[in-house]
Amino acid sequence: MGLSVRLVRGLAISCIVLAGILVGAGCVTVASSGVAVAQTVNSIAVEGNRRVEADTIRSYFKAGPGGQLGPLEVDEALKTLYATGLFSDVRINRSGGRLVVSVVENPVINRVAFEGNKKAKDDQLTVEVQSKPRGTLSRPTVQADVQRIIEIYHRSGRFDVSVEPKIIELPNNRVDLVFEIKEGDKTGVKDIRFIGTHAFSDGRLKDVIKTSISNWLSFLQTTDIYDPDRVEADRDLLRRFYLKHGYADVRVVSAVGEYDPAKKGFIVTFTIDEGGQYRVGTLEVISNVHAIDPTSLRGRLKLGAGSVYNADLVEKSVEAMTIEAAKRGYAFANVRPRGDRDFQTKTINLTFVVEEGTRAYIERINIRGNIRTRDYVIRREFDLGEGDAYNRALIDRAERRLKNLNYFKSVKITNEPGSAPDRVVVNVEVEEMATGEFSIAGGYSTADGFIAEASVADRNLMGRGQYAKASVTYGQRTRGFDLSFVEPYLLGYRMAGGIDLFARENLASNYVSYNTKTIGANFRLGFALTEELALQPRYSIYRQEITLPDQYNNCILSPYALINGGPGVSPTNEAIRQSGAPPGPPLNDGGNCYADGEASLAVRKELANGPVLVSLVGYSLSYNTLDNNKSPTSGLYAEIKQDFAGVGGDVNFVRTTFETRNYYEVFSDIIAVFKLQGGHLGGWGSKDLRMLDHFQMGPNLVRGFSPAGIGPRDLTPGTTNDALGGSMFWGASVEAQTPLYFLPKEIGIKVAAFADAGSLWSYKGPTTFPATGETFTVADTNAIRSSVGVGLIWDSPLGPLRFDLAYPVTKESYDRTQIFRFSGGTKF
C-alpha cells in the first residue's frame, strides 16, 4: 500500500494506491492558500452505506491537534477504511464546507462452494478457508483462501493443482463464491539420494526415514508422496540414527526436494557430513550434591567403556540417574552429561555431573490439540504433575512416551515462565491421528490352507487410551473368533490389564487325524520393570475337545475294540464293564476297518475322555533391546514363559519355555540372526499328561519338516501314525538376511539363508489301557534333526509373507518332511 501527496495550484490532493491499483479516484480536495482548511469529525457526511453505520465510518477518522482533520489525518482514515475489507471503493470529497465520504460496500457472501474436488472433501476445505457465508467478500481474503487450498493439496502430494475463484453476482449486493479446483495427479518421490555417506548404504538409510519411493504398490501407501514437513522430520531421524551408531560429529547439511519434469516427480537429496565413528573412552560420575554418592549411580549407566558411542543410551543414562536421585529426595538434582572428544583415538570420555539444579516448580500443564483423546490419557504419561519439582529429563521421557503411544501425528512439549520466577508452565501440543482400523485379510499357508479374517480394532477407544479388537477367522482347516480388550492403566497404575475371549476349531489334515475345538478366556496383566524388562502374569481357562472323522474311527476302538481279539470281534459286556468304557455302536464286522487308516490309540483315548477343562496360571518375562520391533537390525530379545495347570480343571502340568533372538549387522544391509529356544513339560499330582498337553513341533523348530512332523510318534500298523508330542525340546537357528539389490529397497523384499537344528523327545502320556493291557508302539528318540535352506521375506503393505525352501539334513525315518513352506496373510 502506497501513499502519494502533492500540491497542485494550491489544492492538497491525497491518493492511495492499494495492491498496485490506483483506487483513490476521488481525492480529498480542500481549498487552501498554501495550507489545507481543517475539518472536524462532526462535519463528515457519509454516503452509499447500507450495512455499515455512518458513525462507524466516522470513527475511523482520528482528529489531529485542536480536534481538526488535516490532510494527513484524512489520508490515514482512508487507508484504515480500505484495510477493514468492508468496502470495494472509498471516495472522500469536500462539498459545502464539509467532507463527504462516499463508500461502495463489499458484497455479502451468500454461499461458498467448491467444484472439481474429489480428493479433498467439502467439509475439510470449508474449515480451512476464511471466506464464510454471510460474511463480507474480501478479495485479499479470497486470494489467501486460494493459497490455503493449494497448500492442502500440496500436503497430499498434488503439486499440479490449480484453484480459480469465481464470483457469481446475486441481487441485493450478494454473491456466491465458487472455488473451481483442478486437482491434478499425485506428485510422488521418484528417487531418494544421499550425498557424502560412506558408513551406511543408501538402502540402510532409506529404512531409517519415513519418506519412500513410489512403486507399483504406491496405491497402498502415502509415504511416497512428497511432503516437505516429512522430509524435514527425516533430517532429524537421520541425525539420531548416526548419533546412535557413534557418529557424534554428524551433520545433516541439507534436505532438498526438487521437481524433475522428466520423471514427473520429486528427487529428494540428503547431504550428510558423517564425521568419524567414536567409541566410549572413560566413564566417570561426579556428584556436586554432598549427600549423593557418585559410585551408587554408576549402576544406572546404560553403556560401558569401549562400546560404540550411543546418544540414545547417554540420554537413558541421564534419565535413570535423575530418577534415582529423585527417589533419594533430591527432586531438583540435575544430571548433565559432558563428552570430551579425542580426535586421535576417536573416543569420547563421558562424564556425568550431578548438580543441584534450579529450584523450579510446575505451575500448570496445558494440553492443546487433543480433540478426541481425553486429557488424563496424556497427563498420565508424565512422572510429575502440577506442583512437582520441574525436571527436564522426566519431561523428555514423557514426550517420548507420548510419541510411542501412536495416537498422535506429532507431539511437542515447550516451557514458558509462570506467575513467579520459580514457576514453570508446561505446554503440550499434540496433533491427533486416526486410531481405528478395519481390515479384511486373506492368505494361504501350507499348514492351515486358505484362510480369511475380518477384524475391527481401535487402539484409542473413545479417546480413553484403551485397546479393543474383534476378529473372525474362517478357513479350510481353521476357523474361530477372538475378542480382546486392554486397559493400559489398570486401577490408575502403570499396569496393563487385558481380557481375551476366543473360540477356535482346527480340522483334520495331512498332519493330524483329529479335529480340536477350544473355547476359553485369558486374563492378563502387564507392566514394565525397567525400560527393557517387562513382566506379564496371566490366567487362562479353556475347554478343549477332540473329534474324529468317520474314516479314522470306524473300528470303534475307543477304548475297547481290541479287548477280545481285534476288529470284527464283539467284546463281552463284562470286558466292557471292566474297561470303564460306555456301550458303543456295533463293531465293524468286516474285520478290515484298518484299510482306510485308524487314529492312534492315544488320540482315541482322548476322544473317550471327552471334553477337558484346562485352568492354568502363568507369566512371561521378556527382555528387549531391539532397535526396531518390526524389522530389527541389532539388539537382543529374550523371553521365558511358565504355566502351572491345575488351579481347578481336569489336567495338571508345569510347562516352561524360553526363546532368545539376537540380531547383529555383520556388514551393511546383511543382518545375522541367532535364535535359541527350548522347553520342558512335567506333570504333577496323580493325573497323567495328556497327548494334547505335549509340545508339537515342526517348522517352528526346524524348517524342512511338516507341522507336527518331529518327535515321538505312534507307529502302530494300520493307524495314521499320529504325532504324540514330547515333553522336552531344544532348537537353534542361524540366519542371514539381506535385501535383493536388483530390486528397489522400498518393495521390502529380502532373501535369507539359514541352518536349523533341534530335537523333540520324551513322550510322557499313557501308552496302555490298564483295563485291557492294550499298548501301542511309540518311536521316541532325542536324535538331532537339522536342515539348511533359503527363504524369501516380503514385508509387503498387504502383510508379512514368507517363502521357505528347506532341505532336511538329518532326520528319523518316521519324521515327516515339507520341503516348501509358505505362510503369511494379506489385507485388502
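The values are calculated or read from the model by the stated rules, or taken from the named source; none is laboratory data. Predicted model only: the values in this text are computed from it and were never measured. A quick note on method: Cβ atoms are made from the backbone with ideal geometry, for glycine too, and the neighbour counts reach across all protein chains shown. In case anyone asks, the SASA skips ligands and DNA or RNA and just uses the protein heavy atoms, side chains included. Shrake-Rupley method; radii C 1.70, N 1.55, O 1.52, S 1.80 Å.
To keep it simple, each residue is scored yes or no on (1) among the aromatic types (Phe, Trp, Tyr); (2) touching an Asp or Glu at 6+ places or on another chain (Cβ under 8 Å); (3) assigned to a strand (DSSP E or B).
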site	(1), (2), (3)
Asp650	no, no, no
Val654	no, yes, yes
Phe658	yes, yes, yes
Glu665	no, no, yes
Leu676	no, yes, yes
Gly679	no, no, yes
Gly685	no, no, no
Leu692	no, yes, no
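Any residue in segment 513-530 that's polar (S, T, N, Q): show its pairings with residues that are open to solvent by 60 Å² or more (accessible area, probe 1.4 Å) at Cβ separation under 6 Å, as long as the two are six or more apart or on different chains.
Thr516/Asn506; Thr518/Arg504
Do any residues in segment 316-329 that are of a type outside the set (Ser, Thr, Tyr) have Cβ atoms under 6 Å from those of residues that are open to solvent by 30 Å² or more (accessible area, probe 1.4 Å) and in a helix (DSSP H, G or I), where the two are at least six apart or on different chains, and which pairs are they?
Listed by first residue and then by second, the contacts come to Glu319/Arg397; Ala320/Arg300; Met321/Arg300; Glu324/Arg300.
Identify, by number, the condition in (1) modelled with pLDDT of 75 or more; (2) touching a strand residue (DSSP E or B) at 6+ places or on another chain (Cβ under 7 Å); (3) closer than 22 Å to Gly135 by Cα that Gly85 doesn't meet.
Tallying (1) modelled with pLDDT of 75 or more; (2) touching a strand residue (DSSP E or B) at 6+ places or on another chain (Cβ under 7 Å); (3) closer than 22 Å to Gly135 by Cα, Gly85 fails exactly one: (1).
Mind telling me which of the residues Val268, Val256, Val231, Val285 ends up being in contact with a Phe, Trp or Tyr (Cβ under 6 Å, 6 or more places away or on another chain) and either among the hydrophobic types (A, V, I, L, M, F, W, C) or surrounded by 13 or more Cβ atoms within 10 Å (Cβ to Cβ) (or both)?
The match here is Val285.
Among the listed residues Lys327, Lys316, which satisfies the condition of being of a type in the set (D, E, K, R), farther than 22 Å from Tyr278 by Cβ, modelled with pLDDT under 90 and open to solvent by 30 Å² or more (accessible area, probe 1.4 Å)?
Checking each option against the conditions leaves just Lys327.
Can you tell me which residues in segment 665-710 are more than 24 Å from Thr516 (Cα to Cα), modelled with pLDDT under 90 and either surrounded by 17 or more Cβ atoms within 10 Å (Cβ to Cβ) or of a type outside the set (D, E, K, R) (or both)?
Hits for segment 665-710 are Val666, Phe667, Ser668, Asp669, Ile670, Trp684, Gly685, Ser686.
Looking at segment 408-429 only, could you name the residues that are open to solvent by less than 20 Å² (accessible area, probe 1.4 Å) and modelled with pLDDT of 90 or more?
Ile413, Val425, Val426, Asn427, Val428
When you scan segment 602-623, how many residues do you find that are polar (S, T, N, Q), at pLDDT 85 or above and surrounded by fewer than 16 Cβ atoms within 10 Å (Cβ to Cβ)?
Total satisfying the criteria: 0.
Does any residue of segment 735-753 turn out to be closer than 28 Å to Asn506 by Cβ, in contact (Cβ under 8 Å) with a residue 60 or more places away in the chain and open to solvent by 50 Å² or more (accessible area, probe 1.4 Å)?
There is no residue in segment 735-753 that is closer than 28 Å to Asn506 by Cβ, in contact (Cβ under 8 Å) with a residue 60 or more places away in the chain and open to solvent by 50 Å² or more (accessible area, probe 1.4 Å).
Test Thr141 against the criterion of being of a type in the set (Ser, Thr, Tyr), open to solvent by less than 50 Å² (accessible area, probe 1.4 Å), on the phi < 0 side of the Ramachandran plot and at pLDDT 90 or above, and give yes or no.
It is false that Thr141 is of a type in the set (Ser, Thr, Tyr), open to solvent by less than 50 Å² (accessible area, probe 1.4 Å), on the phi < 0 side of the Ramachandran plot and at pLDDT 90 or above.
Look at segment 393-417 and say how many of its residues are farther than 26 Å from Ala333 by Cα, outside any strand (DSSP E or B) and hydrophobic (A, V, I, L, M, F, W, C).
Number of matching residues: 1.
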